[in-house]
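Undergrad: Take a look at the following structure, please.
We did not get these values from a lab; they are worked out from the coordinates using the rules stated. Just so we're clear, the structure is a prediction, and the values are computed from it rather than from any experiment. Every residue, glycine among them, receives a Cβ derived from its backbone with ideal geometry; neighbour counts consider all protein chains shown.
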Amino acid sequence: MKLYNEANPAPNPRRVRIFLAEKTLSIPLVHVPMREGAHKSAEFKAKNSLGQVPVLELDDGSTLSESIAICRYLEELHPSPALFGSDPWQRAQIEMWTRRIELALANRVGAVWINTHRFTARLGTQYKDYGEAMRVRALEVMQWLDREIGTREFICADQFSMADIVALTTIDFAQFIGIEMPEDARRLRAWHGRVSARPSAAA
Ligand SMILES: N[C@@H](CCC(=O)N[C@@H](CS)C(=O)NCC(=O)O)C(=O)O
């Protein structure tokens with residue numbers, strides 16, 4: 001098994017690396033240099049026709065894309081510690097939060113990246129107004145997340161889960177492109193400090 005990977009600040013491969021670190025697993029990494037367009041080569045598109053990383057390749061050559069699908073597969077193989085929940089209610093809660101973070105926050109941060117950032121300007125037409133509107137929405141979602149976290153230790157109840165991994169990688173990437181957590185989002189900032197202090201965050 002190997003993982004086609006790109007280093008930080010790429011957030012999606014980092015999800016899988018953090019997941020592996022939490023499980024104390026290691027998989028050989030194959031660097032896909034995105035700056036050189038390696039993810040859009042015919043060779044790589046044969047592994048993922050969307051031309052995106054990460055991709056997990058099994059020893060028989062079969063491939064799996066989508067960071068969360070990869071982590072779910074690894075969870076089935078290595079159930080402990082459970083990062084997608086260990087009973088029906090936990091699993092449903094973690095699914096809810098993972099989807100909320102992806103759909104409400106990660107997609108908007110991605111839209112800011114694609115439509116406003118100078119590094120993506122060469123990739124196609126940028127719709128700056130749309131990108132700026134998404135920046136405002138992303139900040140609103142961070143405020144919402146701050147209220148939702150409340151006194152909880154983690155995004156979903158009191159256990160570290162896939163939802164924290166998706167939120168951490170999204171918020172760190174948001175910072176990289178200039179979207180800081182709001183100053184007054186103290187609970188979100190405290191959560192970010194807690195999860196960033198875990199050894200897995202260095203992955
Ligand atoms: N939903 C996918 C997103 C993968 C993705 O967008 N990866 C980025 C790198 S972090 C990428 O390959 N971008 C290039 C592109 O979309 O063309 C996942 O979770 O794996």
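Undergrad: Once every DSSP H run of n ≥ 4 in the chain is given -39500 (n - 2.57) and the sum is divided by its residues, what mean residue ellipticity at 222 nm do you get, rounded to the nearest 500 deg cm²/dmol?
TA: Helix contribution divided over all residues of the chain: -15000 deg cm²/dmol.
Undergrad: Suppose R0 equals 22 Å; then what is the FRET efficiency for Leu77 and Val30 from their Cβ-Cβ distance, rounded to the nearest 0.05? Working shown, then result.
TA: On the way: r = 19 Å, r/R0 = 0.88.
It comes to 0.70.
Undergrad: For the stretch 1-63 and the stretch 112-180, what is the separation of their Cα centres, given in Å?
TA: 22 Å
Undergrad: About the Cα centre, and with charges only on the beta carbon of Lys, Arg (+1) and Asp, Glu (-1), how big is the dipole of the chain? Nearest 20 debye, please. List each step's numbers first, then the result.
TA: Numbers: 26 positive and 25 negative charges, 90 e Å.
In total the dipole reaches around 440 debye.
Undergrad: Separate question: Over the stretch 148-200, what number does the Rg to Rh ratio reach, with both radii from the alpha-carbon atoms and Rh per Kirkwood? Intermediate results must be reported in sequence, preceding the final value.
TA: On the way: Rg = 10.7 Å, Rh = 11.4 Å.
So for the stretch 148-200, dividing Rg by the Kirkwood Rh gives 0.94.
Undergrad: Output the antiparallel fraction of DSSP beta bridges having both residues in the chain, as a percent to the nearest 5.
TA: Values: 6 of 9 bridges.
DSSP beta bridges in the chain are roughly 65 percent antiparallel.
Undergrad: At q = 0.11, 0.13, 0.17 Å⁻¹, what is the base-10 log of I(q)/I(0) for the chain according to the Debye formula with one equal point scatterer per Cα and no solvent? Please give it to two decimals.
TA: -0.52, -0.73, -1.23
Undergrad: With a bin width of 5 angstrom, please list the P(r) values of the stretch 1-73 as percents of all Cα-Cα pairs, from the 0 bin to the one holding the largest distance.
TA: 3, 18, 30, 28, 14, 5, 1
Undergrad: Residue farthest toward the positive end of the dipole of the chain, with Cβ of Lys/Arg at +1 and Asp/Glu at -1: which of Ala190, Met1, Val109?
TA: Val109
Undergrad: Figure the gain on full extension for His117 and Ala7 (residue separation times 0.36 nm, minus the Cα-Cα span) and round it to one decimal in nm. Don't jump to the answer; show the numbers that get you there.
TA: Working: separation 110, 0.36 × 110 = 39.60 nm, distance 1.88 nm.
Gain on extension, His117 to Ala7, equals 37.7 nm.
Undergrad: A follow-up question, please. Using a 10 angstrom cutoff on alpha carbons, build the Gaussian network for the chain and name the most mobile of Val30, Val166, Val55.
TA: Val30
Undergrad: If you scale each eigenvalue of the Cα gyration tensor by 5 and take the root, what three semi-axes come out for the stretch 94-179, rounded to whole angstrom and sorted largest first?
TA: Numbers: eigenvalues 139, 29, 19 Å².
The three semi-axes for the stretch 94-179 are 26, 12, 10 Å.
Undergrad: Now, a different point. Around Arg122, what is the net charge, scoring Lys/Arg as +1 and Asp/Glu as -1 over all other residues with Cβ under 14 Å from its Cβ?
TA: Values: positive: Arg35, Lys40, Arg118; negative: Glu36.
The answer is +2.
Undergrad: Also: Given the stretch 41-111, what whole percent of its Cα pairs are spread farther than 20 Å? Show your work: numbers first, answer last.
TA: Values: 1107 of 2485 pairs.
Result for the distance tail: 45 percent.
Undergrad: Take every DSSP beta bridge with both residues inside the stretch 1-65 and express the antiparallel ones as a percent of the total, to the nearest 5. Numbers along the way, then the final one.
TA: Numbers: 6 of 9 bridges.
Among the beta bridges of the stretch 1-65, antiparallel pairing accounts for roughly 65 percent.
Undergrad: Could you line up His78, His31, His39 from fewest to most neighbouring Cβ atoms inside 10 Å?
TA: Working: His78 15, His31 12, His39 21.
Going from sparsest to densest Cβ surroundings: His31, His78, His39.
Undergrad: Continuing with this model, one more query. Run the count for the chain, please: Lys pairs, Cα-Cα under 28 angstrom, 8 or more apart or on different chains. Can you show the working numbers first?
TA: Details: Lys2/Lys23; Lys2/Lys40; Lys2/Lys45; Lys2/Lys47; Lys23/Lys47; Lys40/Lys128.
Within the chain, the lysine pair count is 6.
Undergrad: Further question on the same structure: What FRET efficiency comes out for the pair Gln143/Leu103, r = Cβ-Cβ distance, R0 = 22 Å, nearest 0.05? Walk me through the numbers on the way to the answer.
TA: Working: r = 17 Å, r/R0 = 0.76.
FRET efficiency, Gln143 to Leu103: 0.85.
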